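Read the structure below first, then the notes.
The values are calculated or read from the model by the stated rules, or taken from the named source; none is laboratory data. These numbers were taken from a predicted model, which means no experiment stands behind them. All Cβ positions, glycine included, derive from the backbone under ideal geometry; neighbour counts span all protein chains shown. Remember, those area values only see protein heavy atoms, side chains included, never the ligands or the DNA or RNA. Shrake-Rupley method; radii C 1.70, N 1.55, O 1.52, S 1.80 Å.
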Amino acid sequence: MGLLNAVVQGVLLGGLYALYAAGLSLMFGVMRIVNLAHGDLGVVAAYVALVLVTHTFLPVWAAVVVTVLLSAVAGYLLQRLLLQRSLSSGPLATLLVTFGLSVILQNVLQELFSADTRSLDTGTFATAAIHLGEISVSYLGLLGLGLALATIVGVQLYLSRTATGRMMRAASDDPEVATLVGADARHVYAVATSIALASVALAGMVFAMRSSFSPTIGSMSLIFAFEAVVIGGLGSLWGTLLGGLGLGLAQSIVGYYDPADSILAGHLLFLAVLALRPQGILAARGT
Amino acid sequence: MSTTRETAPRVSGGFRVRRDSRLSRYGMLGLVAVCIGLAGLPYVVYESVTSSLVTLFVLIAMASMWNLLAGFGGMASIGQQAYVGIGGYTVIWAADQGINPFLGIAVAALFSAVLAVPTSLLAFRLRGDYFAVGTWVIAEVYRLLVIKSDSLGGPSGRALTGLSDMGLTARNAATYWAALVVAVVCVAAGYLLLRGRVGLSLTAVRDDEIAARAAGVDVTTAKRIVYLVSAAGCGAAGGVVVVDALSIQPTAIFSVQWSAYMIFIVVIGGIGYLEGPLLGAVVFFALQQYLADYGTWYLILLGVVAAASAVWMPRGLWGQVVHRTGLRLFPVGYRLDRTDQQ
Amino acid sequence: MNSPQTCLEIRGLDVHHGQLRAVTDLSLTVAERQVVAVIGANGAGKSTLLRCVAGILPASRGEILLDGVDVTRLPTHRRVALGIASVPEGRRLFGSLTVEENLRTGAYRHRAGPWDLAAVTELFPWMADRRRQRSSQLSGGEQQAVAICRALMSNPRVLLLDELSLGLAPVVVTRMYEALPRILESGCAVLLVEQDVSKALAMTDQVHCLLEGRTVLSGAPADLDRKSVEAAYFGIDRREAG
């Protein structure tokens with residue numbers, strides 16, 4: 001029974017990882033950018049929500065909505081003002097810029113909020129759960145999984161049904177021809193980054209509700225999101241969902257036997273996928 | 001060094017092809033003089049000066065290795081802290097076996113290079129940005145594995161044994177010299193490597209990888225050699241860090257912060273120039289010392305400067321120097337001089 | 001067709017490819033419902049010219065006017081919005097998109113006009129059955145047809161066709177050119193680059209022959225004899241003149 005519970009918890013955890021990974025996957029798919037500040041931007045969102053809840057009269061859900069909207073705007077501006085320029089400054093530039101941004105964000109948060117751990121208090125919701133025998137399914141876990149599914153389905157529909165979404169896929173295939181059919185690549189890219197930041201803001205806030213957070217946990221989130229994307233196979237959001245679930249399951253099941261090895265198990269799954277199925281990874285890189 | 005080859009320039013119709021210029025030869029002589037001067041420093045200045053210079057030398061060594069990897073090998077890694085950690089722990093382990101920690105630094109370099117072989121087999125399956133994050137994951141794996149070892153101190157780390165019978169002054173001086181040697185060897189190794197066959201292969205790859213492969217350049221081997229050398233250098237630097245601190249703590253020695261330092265130094269100093277890390281390390285070190293009282297603000301400032309450099313000044317500070325003066329201290333390429341102009 | 005309105009006018013255009021000047025002092029006009037062909041050997045600067053008109057490469061001198069409006073400094077996507085559409089060399093469809101999605105990307109700028117999904121499907125009826133297929137699964141000729149229709153979907157004033165016949169069987173090329181009259185009916189102008197000289201002479205109203213980036217011969221095909229075209233194409237007349 002304990003093992004079954006570990007599986008259920010792994011699925012819930014995997015949902016959160018998939019939510020983290022969706023934006024990373026989208027940005028890589030459309031612009032070939034690996035945003036190393038991805039996890040840190042989720043942490044920033046968590047702090048923004050925390051400030052909104054403690055210093056305004058907004059209830060938590062409203063703070064979450066406001067933060068997601070702010071993140072979307074921030075994403076648009078980030079792409080237009082910084083990342084777009086770095087795309088034309090050589091192959092290493094985006095990597096260096098986003099890595100620099102990551103270090104900046106972590107240290108600014110540390111200066112502003114100290115290194116102490118915080119949490120986003122959701123009252124009784126935080127502990128509420130559905131109990132099925134020995135298995136407990138927390139509302140927060142379900143929320144993370146549900147948001148991951150909704151985000152991935154939503155982004156998938158956006159990519160296939162709307163003109164801008166279609167243009168994102170087109171630009172991913174051939175950016176120059178995308179401009180030849182009338183797309184302003186800067187705008188299309190900025191919309192993609194905007195979506196990525198909105199989704200990682202959600203992930204960061206759900207994480208902050210589930211467990212305590214501090215300025216530097218963004219690196220770990222980035223690594224997990226990255227592992228989910230690679231395990232699931234590049235270029236597909238459904239793959240990213242599966243990758244997130246796989247990572248969550250590996251961590252949770254191994255953690256059931258020895259909690260100290262849980263994170264290592266996730267890394268080893270990632271390395272195993274790397275060793276056994278590298279062709280998918282290499283293929284997506286070539287343009 | 002293969003100076004005989006360079007002293008016989010090939011002359012062809014008013015031009016000659018050569019590697020060094022008069023300026024670069026004077027620069028090289030100057031550097032040798034600086035090294036000799038630095039080696040004598042423990043006899044002249046207070047220990048506080050030499051001990052803070054240890055930090056500078058470590059930064060120069062690490063940054064030179066990252067520059068070799070990313071600037072010349074095209075492999076931007078965020079996982080070089082793996083070798084800093086492995087090197088540090090090798091010194092700890094070697095000391096347990098009765099090996100002098102200063103000798104242990106050499107063992108650390110060797111062992112880091114050995115571990116880099118299987119690591120490269122995995123990491124080389126990734127390209128570009130994915131290589132960067134992949135190497136970071138691998139560094140995390142090494143950290144988590146080390147933590148599992150009780151004899152290495154587990155999660156809380158350990159003290160370094162084997163230096164307790166050494167006098168404080170002698171130990172500080174020895175640490176300083178070790179750091180200086182590691183930094184000089186790292187810079188020189190990069191220089192010699194790039195002047196040779198590997199450098200030629202990498203230049204070809206940088207211009208056009210597909211064409212280089214088609215022309216029979218063994219790209220993977222060249223990259224692997226660079227990766228191993230870079231691992232050895234970072235391992236030695238990690239060894240120095242531990243000898244200097246006399247203790248090790250897994251989270252600190254395997255921290256991604258090391259990669260951040262390397263990257264910021266190289267990007268600000270000038271990626272793809274051997275001189276870049278030297279200049280960048282001095283800037284970094286100066287800022288770190290100057291802003292020491294303001295917490296992590298020096299890191300924030302450096303992050304801003306590095307990100308801005310990456311976008312608006314992709315060749316860094318040394319790139320500006322080369323652009324203005326044409327000065328190269330370490331001529332690894334060839335230059336064309338007019339000989340008919342008197 | 002008495003005094004048709006000028007659609008595209010190029011005046012004294014220089015285009016550089018890095019250090020190299022690929023097009024020098026080039027001037028030409030294309031009127032409504034007119035087809036102008038640019039011919040020339042490999043490296044004569046034909047594709048460079050089209051890429052500059054589309055906005056991919058900047059002009060270093062001269063100007064490009066669309067219906068009298070100066071577009072020389074506008075970015076590519078703004079030119080598309082004003083009515084310049086391109087069929088790039090080598091088709092370059094979006095490989096992961098279906099045929100229909102490829103066509104729809106052409107309508108991204110929502111320009112009003114006669115061309116929509118139904119109209120372009122009428123031009124190449126086979127597309128109706130295969131609109132859900134990935135474009136990467138099409139044959140070369142089919143891809144070329146989709147690329148033309150994708151450009152038409154933007155209801156262009158000027159259609160730029162780059163090397164229509166590249167890598168296609170002659171019978172397929174003929175079928176492509178058969179669609180030209182229908183395209184011109186909608187009132188747009190066509191500027192095309194062609195290596196197949198006889199095709200260009202047979203199908204177009206005006207021919208410009210480029211040599212090393214300069215116009216060495218131009219005129220209506222009826223006024224040009226085959227010999228002088230060949231001479232211009234290979235640069236023989238220059239040697240005779242000089």
- Query: What ratio of Cα Rg to 2.2 N^0.38 Å holds for chain A?
  - Reply: 0.99
- Task: Return the sequence-ordered ³J(HN,Hα) values of the stretch B:33-41 in whole Hz as given by the Karplus equation 6.51 cos²θ - 1.76 cosθ + 1.60 applied to θ = phi - 60°, using x for Gly and Pro.
- Result: 4, 4, 4, 4, x, 4, 4, x, 4
- Query: Where the centre of each part is set by its Cα atoms, how far does the stretch B:125-160 sit from the stretch C:5-39, in angstrom?
  - Reply: 60 Å
- Query: If you line up the long axis of helix A:60-78 against the longest principal axis of chain A, both from Cα atoms, how many degrees apart are they, to the nearest 10?
  - Reply: 30 degrees
- Item | Top of B:Ser77, B:Ser64, B:Ser51 by mean-square fluctuation, Gaussian network on chain B, Cα under 10 Å | B:Ser51
- Query: Using the Karplus equation 6.51 cos²θ - 1.76 cosθ + 1.60 (θ = phi - 60°), what ³J(HN,Hα) coupling, rounded to whole Hz, does each residue of the stretch B:146-159 give in order, writing x for Gly and Pro?
  - Reply: 4, 4, 6, 8, 5, 5, 8, x, x, x, 9, x, 8, 8
- Query: With axes computed from alpha carbons, what is the tilt in degrees of helix B:101-123 against the longest principal axis of chain B, rounded to the nearest 10 within 0 to 90?
  - Reply: 70 degrees
- Protein accessible surface hidden between C and A, which excludes ligands and nucleic acids, total in Å², probe 1.4 Å: 1800 Å²
- Per residue accessible area of the stretch A:2-285, 1.4 Å probe, in Å²: 37 Å²
- Task: Keeping every protein chain in place, order C:Glu122, C:Glu194 by accessible area at 1.4 Å, biggest value first, i.e. largest first.
- Result: C:Glu122, C:Glu194
- Message: Need one number: buried accessible surface between chains B and A, 1.4 Å probe, both sides summed, DNA, RNA and ligands left out, in Å² to 100.
- Response: 3700 Å²
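If R₀ is 41 angstrom, what is the calculated FRET efficiency for the pair A:Leu268 and A:His131, using the beta carbon separation as r and rounding to 0.05?
0.80
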- Message: If I model a spin label at B:Met313 and A:Asp261 as a point 7 Å from the Cα along the Cα→Cβ vector, what separation in nanometres do I get?
- Response: 5.1 nm
- Message: With every protein chain left in place and a probe of 1.4 Å, what is the accessible surface of B:Tyr130, to the nearest 10 Å²?
- Response: 10 Å²
- Env charge @ C:Thr105, Cβ radius under 15 Å, K,R +1 / D,E -1, value +4
- Item | Nitroxide proxy distance, nm - points 7 Å out along Cα→Cβ at C:Thr6 and C:Ser136 | 4.5 nm
- Note on the structure: For B:Val229, the accessible surface traced by a 1.4 Å probe with all protein chains present amounts, in square angstrom to the nearest 10, to 40 Å²
- Listed by chain and number, the residues whose amide H is under 5 Å from that of C:Leu164, excluding neighbours fewer than 5 places away on the same chain and using placed H, are C:Val193
- For the A:Ser211, B:Leu110 Cβ pair and Förster radius 41 Å, calculated FRET efficiency rounded to 0.05 is 0.45
- Task: Pick out, in residue order, every one of the GluC sites (Glu not before Pro) in the stretch A:95-194 that is DSSP loop and has at most 13 other C-beta atoms within 10 Å; say none if there are none.
- Result: A:Glu134
- How much of B:Lys223 can a 1.4 Å solvent probe reach, expressed as accessible area in Å² and rounded to 10? 30 Å²
- Query: According to a simple spin-label model (label point 7 Å from Cα along Cα-to-Cβ), what is the distance in nm between A:Val153 and C:Asp67?
  - Reply: 4.5 nm
- Could you tell me the largest-minus-smallest coordinate of the C-alpha atoms of the protein assembly as shown on each of the three principal axes, in descending order and whole angstroms? 103, 88, 47
- Rounded to whole Hz, the Karplus (6.51, -1.76, 1.60) HN-Hα couplings of the stretch C:185-195, x for glycine and proline: 3, 6, x, 8, 10, 10, 10, 10, 10, 9, 8
- Extension gain (nm, one decimal) between C:Arg226 and C:Leu82, 0.36 nm per residue minus Cα-Cα: 48.1 nm
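Net charge near B:Ser247, counting Lys/Arg +1 and Asp/Glu -1 over other residues with Cβ under 15 Å of its Cβ? Spell out each step's value before the answer.
Values: positive: B:Arg158, B:Arg171; negative: B:Asp96, B:Asp244.
Residues close to B:Ser247 contribute a combined charge of 0.
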- So what's the gap between the Cα centers of the stretch A:145-163 and the stretch C:101-128, to the nearest angstrom? 27 Å
- Query: Once amide H atoms are placed 1.01 Å from N in the peptide plane, what residues at a sequence separation of 5 or more from B:Gly79, or on another chain, have their amide H within under 5 Å of its amide H?
  - Reply: B:Trp136
- With the full set of protein chains present, the residues of the stretch B:131-166 whose 1.4 Å probe accessible area falls by 30 Å² or more relative to the chain alone are B:Val133, B:Trp136, B:Val137, B:Glu140, B:Val141, B:Leu144, B:Lys148
- Whole-percent carbon and sulfur share, accessible surface of the protein assembly as shown, 1.4 Å: 61 percent
- Amide H contacts under 5 Å for C:Ser27, restricted to residues at least 5 apart in sequence or on another chain and with H modeled in the peptide plane, are C:Gly12, C:Leu13
